[in-house]
Amino acid sequence: MTLPAGAGTYTLSVISRSDSNKVKVSVLEDYYANAPYSISTSFSVTAGATTKAIGTLTAKARKSESAKMEGGAFNIYAQIYRANEYLRAETGNSSFVAPKVSVYWKAGFNPYTYFGGTNPLSFYRPGVSQLFILGGSNGNVQTADTDHFDNSVILHEYGHFLEDHFAFSDSPGGSHTGTSI
């Protein structure tokens, strides 16, 4: 990237959202605040410098390293990006990009509680382009079920979103799990 001329201190931030010709997604921490995740680093540039190595910017995936576990949000983002890449390659349509989807996920949180449910659950809300990915339950990410690194669950829910936008379902409806037909 090109920085403004002159010495100074700068901050590089990477956020969990995109509205590009490759992917249109926001991975958001909270259903009410709609705030994306971010990771950042600050660095200084001396006068006349033309390059600057800032090191590696890492999204942490362990609660002991970061309470928000931003790595989970960026993995969800990466899976949706890869799904769009796959669809471009398999359809031969190099300009394909799915419509915007909002994904809600928080470490240690069961998103079904937003709607009065108690079962730990990842799900898609038809008609509103929203995915909800299970982050655990009651703050627990150690022994509770979580789906932020369960790529098959993320892609399954994203598949519901794609089906909602580009096709129709002939399913009789109802809940389904990995152990049901």
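Would you point out the residue of the range 55-65, among those that are surrounded by fewer than 16 Cβ atoms within 10 Å (Cβ to Cβ) and either in contact with a Phe, Trp or Tyr (Cβ under 9 Å, 6 or more places away or on another chain) or free of Cβ contacts under 8 Å to residues at least 12 places away in the same chain (or both), that is nearest to VAL14 (Cα to Cα)? The qualifying residue nearest to VAL14 (Cα to Cα) is THR56. Looking across ALA7, ALA73, ALA53, ALA59, one residue alone is closer than 21 Å to ASP147 by Cβ, of a type in the set (A, V, I, L, M, F, W, C) and over 11 Å from the mean Cα position of the chain (by Cα). It is ALA59. Filtering the range 75-85 for residues that are surrounded by fewer than 11 Cβ atoms within 10 Å (Cβ to Cβ) and either part of a loop (DSSP other than H, G, I, E, B) or basic (Lys, Arg) (or both) leaves an empty set. Looking across the range 77-119, the residues that are under 25 Å from ALA144 (Cβ atoms) and either among the small types (Gly, Ala, Ser) or modelled with pLDDT under 95 (or both) come down to ALA78, SER102, ALA107, GLY108, GLY116, GLY117, THR118, ASN119. Among residues of the range 1-25 being among the charged types (D, E, K, R) and out of contact with any Leu (no Cβ under 9 Å at 6 or more places or on another chain), the one that is most open to solvent (accessible area, probe 1.4 Å) is ASP19.
Restricting attention to the range 35-61, the residues that are at pLDDT 95 or above and not β-branched (Val, Ile, Thr) total 8.
Please work out which residue is farthest from GLY108 (Cα to Cα), limiting yourself to the range 129-168 and to residues that are open to solvent by 70 Å² or more (accessible area, probe 1.4 Å) and either assigned to a loop (DSSP other than H, G, I, E, B) or of a type in the set (Ser, Thr, Tyr) (or both). The extreme case among them is PHE168. Can you name the condition, by its number, that SER13 falls short on among (1) assigned to a strand (DSSP E or B); (2) closer than 22 Å to GLY139 by Cα? Looking at each condition in turn, SER13 falls short on (2).
The values are calculated or read from the model by the stated rules, or taken from the named source; none is laboratory data. Because the structure is predicted, anything quoted here is derived from the model rather than measured. Cβ coordinates were reconstructed from backbone atoms using ideal geometry, including for glycine residues, and neighbour counts include every protein chain displayed. Protein only, heavy atoms only, side chains kept; ligands, DNA and RNA dropped before computing areas. Shrake-Rupley method; radii C 1.70, N 1.55, O 1.52, S 1.80 Å.
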